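Accompanying notes for the structure given below.
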Amino acid sequence: MAEKHVHSQVVYKKAVELLEQRGVTIEAIAEIVHFLQESYIPNLSNEQCMESVQAVLKKREVQNALLTGIQLDILAEQKHLLSPLQEMLEADESLFGVDEVLSLAIVNLYGSIGFTNYGYVDKLKHGILQKLNDKKNGVHTFLDDLVGAIAAAASSRLAHRHRLEEEDQEAAMLED
């Protein structure tokens, strides 16, 4: 029997839709990216940050992590998980690290700088991450880490591209 595939555009659309349903916009993630990179990339625009976030979101691994994590958060809000998993997700228990492990799959897509950025935003809870981390706004045990990971990956993507542009400019000057 032939394996049936779900088209990437369908998965991308659902991932973005779920983010928005949970109160997270691409703009809010891009704001974190801008915060992370503004000191390193001169004249960094919000449009560049949004483009980078969208590029990260188009990766299937990212979409899969989002769908999985958000689904688990929703099931926890609906109290449909087995105990003690239910209570651990509701409390966002500090020793429950599966949310971070899932997020590291995203961070890993863009190299070691992503790990540094991820750790920084995870600790700082900048922008939308602070709202997601507040237990009064629903269960976001997975989502806050996933959003931080997307911002860290998009930030790393920009850093790598910026370095490439600098090297291309240096090479062009040497040729002249």
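The values are calculated or read from the model by the stated rules, or taken from the named source; none is laboratory data. Remember, it's a predicted structure, so these values are computed and weren't measured experimentally. Here the Cβ is made from the backbone with ideal geometry for all residues, glycine too, and neighbour counts use every protein chain on show. Side chains are part of the model used for accessible areas, which takes the heavy atoms of the whole protein and leaves out ligands, DNA and RNA. Shrake-Rupley method; radii C 1.70, N 1.55, O 1.52, S 1.80 Å.
Some values worked out for this structure:
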read-out	value
Close pairs from region 157-169: first touching a residue at least 60 places away in the same chain (Cβ under 8 Å) and under 11 Å from TYR40 (Cβ atoms), partner polar (S, T, N, Q) and open to solvent by less than 40 Å² (accessible area, probe 1.4 Å), Cβ under 7 Å, at least 6 apart	LEU158/GLN37; LEU158/SER52; ALA159/GLN37
Some residue of region 32-41 being among the charged types (D, E, K, R), part of a helix (DSSP H, G or I) and surrounded by 12 or more Cβ atoms within 10 Å (Cβ to Cβ)	no
Residue satisfying all of: in region 78-93; of a type in the set (A, V, I, L, M) and not in a helix (DSSP H, G or I); least open to solvent (accessible area, probe 1.4 Å) among these	LEU81
Search result, residues across region 6-24 that are free of Cβ contacts under 8 Å to residues at least 40 places away in the same chain and under 24 Å from LEU75 (Cα atoms)	VAL6, VAL10, LYS13, GLU17, GLU20, GLN21
Residue in region 60-77 that is among the acidic types (Asp, Glu), touching a residue at least 24 places away in the same chain (Cβ under 8 Å), open to solvent by 80 Å² or more (accessible area, probe 1.4 Å) and part of a helix (DSSP H, G or I) present	yes
Tally, over region 43-59, of residues that are closer than 16 Å to HIS160 by Cβ and either touching a His at 6+ places or on another chain (Cβ under 9 Å) or open to solvent by 10 Å² or more (accessible area, probe 1.4 Å) (or both)	6
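To keep it simple, each residue is scored yes or no on (1) touching a residue at least 40 places away in the same chain (Cβ under 8 Å); (2) over 30 Å from ILE41 (Cα atoms); (3) among the polar types (S, T, N, Q).
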{"position": "GLU90", "(1), (2), (3)": "yes, yes, no"}
{"position": "ASN108", "(1), (2), (3)": "no, no, yes"}
{"position": "ASN117", "(1), (2), (3)": "yes, no, yes"}
{"position": "ASP122", "(1), (2), (3)": "no, no, no"}
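Here is a yes/no grid of residues against (1) touching a strand residue (DSSP E or B) at 6+ places or on another chain (Cβ under 6 Å); (2) open to solvent by less than 10 Å² (accessible area, probe 1.4 Å); (3) modelled with pLDDT under 85:
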| residue | (1), (2), (3) |
| --- | --- |
| LEU129 | no, yes, no |
| GLY138 | no, no, no |
| THR141 | no, yes, no |
| ALA152 | no, yes, no |
| SER155 | no, yes, no |
| LEU158 | no, no, no |
| LEU164 | no, no, yes |
| GLU167 | no, no, yes |
